[in-house]
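Here is the structure we will look at, set down as structure tokens.
Taken together, the values in this text are just the output of simple stated rules run on the coordinates, not laboratory data. Note that the coordinates shown come from a computational prediction; the quantities given were computed from them, not determined experimentally. Cβ coordinates were reconstructed from backbone atoms using ideal geometry, including for glycine residues, and neighbour counts include every protein chain displayed.
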Amino acid sequence: MLNISIWWEALTMPLKIYWVIAIPATLLFIIQLVMTFVGGDLSDAEAMGDSDAAVEGDHGIEFQFITLKNLIAFFTIFGWTGIACLNSGVNVGLSALISAVAGLIMMAIMTTIIWLMGKLTHDGSLKLTNAIGKFGTVYIPIPAKRTGMGQVQIKVQGLQTLDAMTDSDESFKTGAVVEVCDVIDGGILLVK
């Protein structure tokens with residue numbers, strides 16, 4: 001403990017300021033990092049409210065430059081860059097400028113990463129128009145001339161069993177191979 005006191009007293013005031021900023025910011029950064037990978041999971045939490053509305057209204061993460069994570073990263077980089085600059089013999093003013101720029105660059109990098117992660121969305125909803133022109137197998141017989149509805153198994157975004165009708169003069173029996181011509185009534189395949 002005596003060595004730390006001697007070391008601390010030997011530091012100049014700008015170095016003391018950078019150390020006072022760097023150590024707590026680094027500890028918070030490490031805690032934040034550990035919580036992100038280990039303890040930041042809320043899988044047991046129950047959702048409250050209208051979840052369908054929340055999903056429909058979700059348009060990804062907005063571009064946010066000033067957040068708690070970004071500020072912690074800024075002060076971590078700011079502190080350590082300042083210490084490195086002063087220990088390298090750079091004057092105090094230039095050291096503050098370099099530290100601030102390094103901190104802002106780190107904030108920009110983190111903001112960009114979070115923003116790009118927010119754009120990583122995937123719409124997994126089934127688009128029936130992707131079935132047009134594909135072949136499938138009749139699963140439930142399809143009556144002729146749109147007099148009733150059957151089902152076909154077809155590979156569209158994975159194997160699907162979908163409702164189907166036909167304009168053909170003859171009905172299709174189970175196991176028959178059919179081609180999708182169109183999608184009618186917003187969700188029924190027209191096959192031939």
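Just to confirm a number: summing +1 for Lys and Arg and -1 for Asp and Glu over residues other than Phe78 whose beta-carbon lies under 15 angstrom from that of Phe78, what do you get? Can you show the working numbers first?
Working: positive: Lys16, Lys69; negative: none.
Neighbour charge sum, excluding Phe78 itself: +2.
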Size of electric dipole in region 106-192: Cβ of Lys, Arg +1 and of Asp, Glu -1, about Cα centre, debye, nearest 20: 220
Helix-only [θ]222 nm of the chain, DSSP H runs n ≥ 4, -39500 (n - 2.57) each, per residue, nearest 500: -14500 deg cm²/dmol
Anchor Lys173: lysines whose Cα lies under 30 Å away (excluding residues fewer than 8 positions away in-chain): Lys127, Lys134, Lys145, Lys155, Lys192
